[in-house]
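Report on the structure given below.
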Amino acid sequence: MQDLILGIETSCDETAAAVVADGRIMLSNIISSQVDFHRKFGGVVPEIASRKHLELVNPVIDSALAEAGVKLSALAAIAVTAGPGLVGALLVGVNTAKTLAYAAGKPLVAVNHITAHVSANYLVHEVTFPAVCLVASGGHTSLLYLRNRQESKLLGTTRDDAAGEAFDKVARVLELGYPGGPAIDKLAASGDASAFAFPKAFSGRDTYEFSFSGLKSAVINTLHNLSQRKEEINKADIAASFQAAVVNVLVEKTCLAAVEFDVQSVLLAGGVAANRMLRKSLQEALYVDGRKLFCPPPELCTDNAAMVACAGFDLYRLKHFAGWDLNATPVIDNILQAE
Ligand code: KG4
Ligand code: ZN
């Protein structure tokens, strides 16, 4: 018999629910994006996110169960993102999951959002270990060493802005709208990446930490200078040069880690992993050394609940269940567990 896990994700601005069988077969994957509500504010407004999750979470769960043709009683467990993320947004998912699990008499599993992003790879790939994984999203930039699906070590993270946050902020000053990553990805394709020599977002070869705020300021300063001098602003060139500065450092540090830890597998995860230049550049850089890149399809890179159900399945098999006192954890130091 298959183990059916209902995954629930409300950590930021997507209300999502999915039913996944045996951590692998996606029977449904429903995502209701709030992007249109946040767009006019140029970013996610936490209070609006919480209210929208409240409106959407039950219909989205109903759709996920209906599309999968599964009743609550047939589930093995209910998995929910418990953190990191926006506290008010997380609380909606956590309390909904607790209520459903209690009412249906099912085990509750608390999933770490970053682990869930990594797990998106397991939905579609047979990953070989050990591996190095770069998780780059709107809230995180983390380089991980993965011994296996359960054991990992954080090698480095961002000292300031996350990679996706830098994309969103630069897109905002370029007036490209929200979310900025996809808009920059698209515009950069027609720009010249060598037009502007933006500082490399690199905080030294001896560390796996990242820093993107200096790069973001450099782009903003360049735009101010150009407009003060009344010079033409070629947005495509700025987007391409900025994107190259981000991608180059992400690729360079990920490859350094792959060499130092002598792994044959490298994983990409998180919303920024949808970026076409990042996928292509990393693939090319790893190919030289015969290492393999695993990357989820773009729709599984950004927030979804199938990845939560997949990560939840691993914890379910370990009988790693959460108590009824489970709370939302907006900041989590221990990268792979939300307990
Ligand atoms: O993983 P995600 O959906 O949410 C968080 O956990 O933060 O990531 C969203 C982030 C946003 O900052 C968005 O601009 C970025 O991922 N993103 C991209 C692309 N698609 C989404 N960044 C660069 N290129 C893309 N194609
Ligand atoms: Zn995410």
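The values are calculated or read from the model by the stated rules, or taken from the named source; none is laboratory data. This one's a predicted model, so the numbers in the text were calculated from it and none came from an experiment. Reconstructed Cβ throughout: ideal geometry from the backbone, glycine too, with neighbour counts over all protein chains shown. Note: areas computed on protein heavy atoms with side chains; ligands, DNA, RNA excluded. Shrake-Rupley method; radii C 1.70, N 1.55, O 1.52, S 1.80 Å.
Structure values in brief
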| item | result |
| --- | --- |
| Antiparallel bridge percentage (DSSP; both residues within the chain; nearest 5) | 60 |
| Out-of-range pairs (alpha-carbon distance over 30 Å; input 153/186; 52/169; 186/230; 169/280) | 153/186 |
| DSSP-defined beta bridges in the range 128-295 - what % are antiparallel, rounded to 5 | 55 |
| For the range 226-298 versus the range 1-55, the gap between their alpha-carbon centres in whole angstrom | 26 |
| Sparsely packed chymotrypsin sites (Phe, Trp or Tyr not before Pro) within the range 255-334, loop by DSSP, other Cβ within 10 Å at most 15 | 261, 321, 324 |
| Size of electric dipole in the chain: Cβ of Lys, Arg +1 and of Asp, Glu -1, about Cα centre, debye, nearest 20 | 80 |
| Rounded percent of accessible protein surface that carbon and sulfur make up, the chain, 1.4 Å probe | 53 |
| Surface accessible to a 1.4 Å probe, per residue, for the residues of the range 128-295, Å² | 44 |
| Heavy atoms of residue 140: accessible area, 1.4 Å probe, square angstrom to 10 | 40 |
| Charged-residue dipole, Cβ positions (Lys, Arg, Asp, Glu), the range 128-295 about Cα centre, Debye nearest 20 | 220 |
| Helix axis angle, 276-288 relative to the chain longest principal axis, alpha carbon, degrees | 90 |
| Estimated [θ] at 222 nm from DSSP helical runs (n ≥ 4, -39500 (n - 2.57)) normalised by residues in the chain, nearest 500 | -14000 deg cm²/dmol |
| Estimated distance in nm for a label pair at residue 217 and residue 102, the labels positioned 7 Å out from Cα along Cα-to-Cβ | 4.8 |
| Approximate spin-label separation residue 325-residue 36, in nm, with each point projected 7 Å along Cα-to-Cβ | 4.3 |
| Simple label model, 7 Å out from Cα along Cβ direction - residue 200 to residue 148, nm | 3.8 |
| Which of 129, 41 is most accessible, then next, and so on - probe 1.4 Å | 41, 129 |
